[in-house]
Amino acid sequence: MTPDEQLWQLLRGSLTARALGIAADLGVSDALADGSRPVAEVAAEVDADPDTLHRLLRALASDGVFAEEEPGVFRNTAASELLQTGWGDFAHLFGGVFHRTAGALDASGRPSFPAVFGTDFWSYLAAHPDERAAFDRAMEQGKERRVARLAEIEWREGETVVDVGGGNGSFLAALLAEAPELRGIVFDLPETVRDDDALAAAGIEFVEGSFFERVPAGDTYVLGTILHDWPDEQAAAILCTIREHAPAGARVLILDDVVPPGNDAHGGKWLDLLMLAFAGGRERTEAEWRALVADAGLELEALGDRLIEARAAQNA
């Protein structure tokens, strides 16, 4: 790839995110689930302008998302089929509220979301249940990898795992399916969109509350991609809440990126900018994670990419 091609690939990123968001919101992948169809037919079904939809799909197909089999006739690809899953919710967010937020990002160090939407991100989600549900479904993506990491850890029979900021509980349900000897508590704000009956059937209790104020008693506290949402002061406050309310010796398992040094490609380096834009959060390097855990008064036990293991002091 030549230098100018490299820059073009980066510069058009806002267009690709918006095009994917539009396709996801229209449900184009669902409309093509049974096979190839003329774009005019799909446009009529999803209530879109046929010419505009053709142009959107043609652009996406040039990157392997959908395929134009013959002029004006499209089908799904393996990539576009993912829009029928939680990736469709990611596309909705990246093509919608994240797109508008990233467009207002500057170098001031302040999150741009409040300036665009007139409130902070979490208050916005509380006031927009559909967006909250989309956000929680999007956060399910990659849970299999996170569950696999935790399944390798030694667990005790009857151990209580508290999923701090656990959203709709899908991650904890998947973990308990792999380790049914555990007890589970999802701890999150009351506006979380969830199926309480399904959680109960999976042996999970939902407890509502703010992790800035308290957490339920447990043996292990899991924070799955939670702390990167917050600046250091608030992230440390969350860990301090756990330290203050957890039994002595309780484990704290943090599932977040550890940003590597150097120029190698790493998704966390771009995600870091999104965290800054919508909530003032950040992805952290190894040194930054060590400092954060120490500032919260926790004992660091292990630090690897996407898993930081700490413990509340025995004399807490």
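The values are calculated or read from the model by the stated rules, or taken from the named source; none is laboratory data. All of these numbers come straight from a predicted model, not from anything done at the bench. Reconstructed Cβ throughout: ideal geometry from the backbone, glycine too, with neighbour counts over all protein chains shown.
A few points about this structure:
- Matching option when the condition is of a type outside the set (D, E), farther than 16 Å from L307 by Cβ and in a helix (DSSP H, G or I), among A236, A217: A236
- Put simply, of G281, G249, G297 the only residue that is in contact with a Phe, Trp or Tyr (Cβ under 9 Å, 6 or more places away or on another chain) and part of a loop (DSSP other than H, G, I, E, B) is G281.
- Residue check, F187 at pLDDT 95 or above and of a type in the set (F, W, Y): yes
- Remark: pairs (first residue in region 186-205, more than 11 Å from G166 (Cα to Cα); second residue of a type in the set (F, W, Y); Cβ separation under 7 Å; 6+ apart in sequence or on different chains) = D196/F206; L199/F206.
- Search result, residues across region 261-278 that are part of a loop (DSSP other than H, G, I, E, B) and in contact (Cβ under 8 Å) with a residue 12 or more places away in the chain: P261
- Considering only residues in region 62-111 that are in contact (Cβ under 8 Å) with a residue 60 or more places away in the chain and among the small types (G, A, S), the one that is farthest from G35 (Cα to Cα) turns out to be G109.
- Across region 268-278, not a single residue is classified as over 25 Å from F98 (Cβ atoms) and either buried (at least 16 other Cβ atoms within 10 Å of the Cβ) or assigned by TED's automatic domain parsing to the domain that holds E159 (or both).
- The combined condition, being among the acidic types (D, E) and exposed (fewer than 15 other Cβ atoms within 10 Å of the Cβ), is fulfilled by E144.
- Sole residue being of a type outside the set (A, V, I, L, M, F, W, C), in the same structural domain as T192 (by TED's automatic domain parsing), on the phi > 0 side of the Ramachandran plot and out of contact with any Pro (no Cβ under 6 Å at 6 or more places or on another chain), chosen from G249, G281, G224, G304: G249
- Extreme residue, surrounded by the fewest Cβ atoms within 10 Å (Cβ to Cβ), among residues of region 19-36 that are without any contact (Cβ under 8 Å) to a residue 24 or more places away in the chain and small (G, A, S): G27
- When region 164-209 is filtered for residues that are hydrophobic (A, V, I, L, M, F, W, C) and in a loop (DSSP other than H, G, I, E, B), the ones remaining, listed by number, are A179, L182, L189, V193, A202.
- Condition broken by V39, with the remaining ones in (1) out of contact with any Phe, Trp or Tyr (no Cβ under 8 Å at 6 or more places or on another chain); (2) surrounded by 14 or more Cβ atoms within 10 Å (Cβ to Cβ); (3) among the β-branched types (V, I, T) satisfied: (1)
- When region 218-228 is filtered for residues that are modelled with pLDDT under 95 and surrounded by fewer than 22 Cβ atoms within 10 Å (Cβ to Cβ), only T225 remains.
- Contacts under 7 angstrom Cβ, first residue in region 236-248 being within 15 Å of I226 (Cβ to Cβ), partner among the aromatic types (F, W, Y) and at pLDDT 95 or above, 6 or more apart: A237/F212; I238/F211; I238/F212; I238/W230; T241/F211; T241/F212; I242/Y221
- Search result, residues across region 112-156 that are among the acidic types (D, E), within 25 Å of L83 (Cα to Cα) and free of Cβ contacts under 8 Å to residues at least 12 places away in the same chain: D130
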